[in-house]
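So the structure is just underneath, and the comments pick up after that.
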Amino acid sequence: MSSTGLPLVAWVLATRAGEAAFELLGDARLVAERLDGTVGILLVLPEPVDPSPLVQHGADRVCQWVSPGAGLLTRVAAAESVTRERPARLVLASGGCEGREWAARLAARAGWKLASPALMAQVAPQGILEVTALDSAGRLSRPLRARPGETIVATFRPGVAEAMPPDLRRRGTCLQHAAAAVPEPVRLVQSRPANPETVDIRYAPRLVAGGRGVGSREGFESLRRFARRIGAGIAASRMAVDLGWIEPGRQVGQTGKTVKPDLYVACGISGAPHHLAGMSEAKHIVAMNTDPEAPIFKSAHLGLVADLHEILREADRMLPDDVTEKSIP
């Protein structure tokens, strides 16, 4: 039982006190309130941080596991320790690579159900916890249910959960634990970014996509050259794939892949509904088309009514062969 006399219902696992942790706390708080319980957050990090923002965003208990040089096995050991001491119905972690591995190892060791990635967590009648689990593409879902006494470990990708507004009046229990790092069988020597030319388009931060307006397989070579210059992957509409101009694995849309890059440059794509369904959640959409009435412009943040081939030729002239993050105009 917590200091408030209520059971601890949900744990959040994090390595830093930031927006991702606040989002997880928001959804954990909603579940805890439905089950008349409290929320704890475990931070495994090299140095302690101010716990106040975590309490203000919904944590009732902040546990800081301070361990310089801590790796994955240290995080798993910390999570096993706190969840064994204070069991919970729900354990939430970030949907990034680090959080998914942390969650999976914890669930496997404890024999708990795992939903990774997940879309939402809610409380059904009779106090049954229900988590909607997604496939890796985020297109198919299935419900996972846990009765009282059972636990579900879930990961949420950034932006899936919703942070609560900070409440400066909230108070919580804050603990700090110093521990030696657990020896790691695998040590990170170097981190190298994925090659945008070969990475799965679902995970590319930038995409240059072509449609029928590109005109030919040779036209796609111009797109690839432009994409290479801005550090982007190449994608396509269904029409371009059907015409044999590009491989099917690069198709975006209902019958292809759903993408959510930071930048999506649509070249010669009219914007059919089945294509828009696969890319409309991109953070920044730039569209090039000669037809000012093309539907793609309704979804674009920036639209260019122009011949894309002229724009690409100008890009060839202006952009260097190797474009770094800082050199992009």
Legend entry - Hits in the range 114-124 - residues which are open to solvent by 40 Å² or more (accessible area, probe 1.4 Å) and under 16 Å from THR151 (Cα atoms): LEU114, SER116, MET120, GLN122
Legend entry - Near pairs, Cβ below 7 angstrom, 6+ apart or cross-chain, from the range 165-186 (under 16 Å from TRP65 (Cα atoms)) to any residue that is of a type in the set (A, V, I, L, M) and in a loop (DSSP other than H, G, I, E, B): ALA181/ALA70
Inset, instruction - Can you tell me which residue among ALA70, ALA79, ALA17, ALA59 is open to solvent by less than 40 Å² (accessible area, probe 1.4 Å), under 26 Å from GLU184 (Cα atoms) and in a loop (DSSP other than H, G, I, E, B)? - result: ALA70
Legend entry - When residues of the range 147-167 are limited to those that are in a loop (DSSP other than H, G, I, E, B) and of a type in the set (A, V, I, L, M, F, W, C), the one least open to solvent (accessible area, probe 1.4 Å): ALA161
Inset, instruction - Could you pull out every one of the helices (runs of 4 or more DSSP H) wholly within the range 216-283 that has 1 or more residues that are farther than 23 Å from ALA306 by Cα? - result: 238-242, 273-279
Legend entry - Within the range 168-191, considering residues that are in a loop (DSSP other than H, G, I, E, B), closer than 25 Å to GLU101 by Cβ and among the hydrophobic types (A, V, I, L, M, F, W, C), the one nearest to the chain's Cα centre (by Cα): LEU188
Inset, instruction - Those residues that are surrounded by 16 or more Cβ atoms within 10 Å (Cβ to Cβ) and over 24 Å from LEU45 (Cα atoms), I need them from the range 90-113; list them, please. - result: TRP112, LYS113
Legend entry - Positions within the range 231-243 being under 20 Å from GLU314 (Cα atoms) and open to solvent by less than 20 Å² (accessible area, probe 1.4 Å), in sequence order: ALA232, GLY233, ILE234
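The values are calculated or read from the model by the stated rules, or taken from the named source; none is laboratory data. From a predicted model like this one, the values you see are computed outputs, not experimental measurements. With ideal geometry, Cβ positions are generated from the backbone for all residues, glycine too; neighbour counts draw on all protein chains shown. For accessibility, only protein heavy atoms count, side chains too; no ligands or nucleic acids. Shrake-Rupley method; radii C 1.70, N 1.55, O 1.52, S 1.80 Å.
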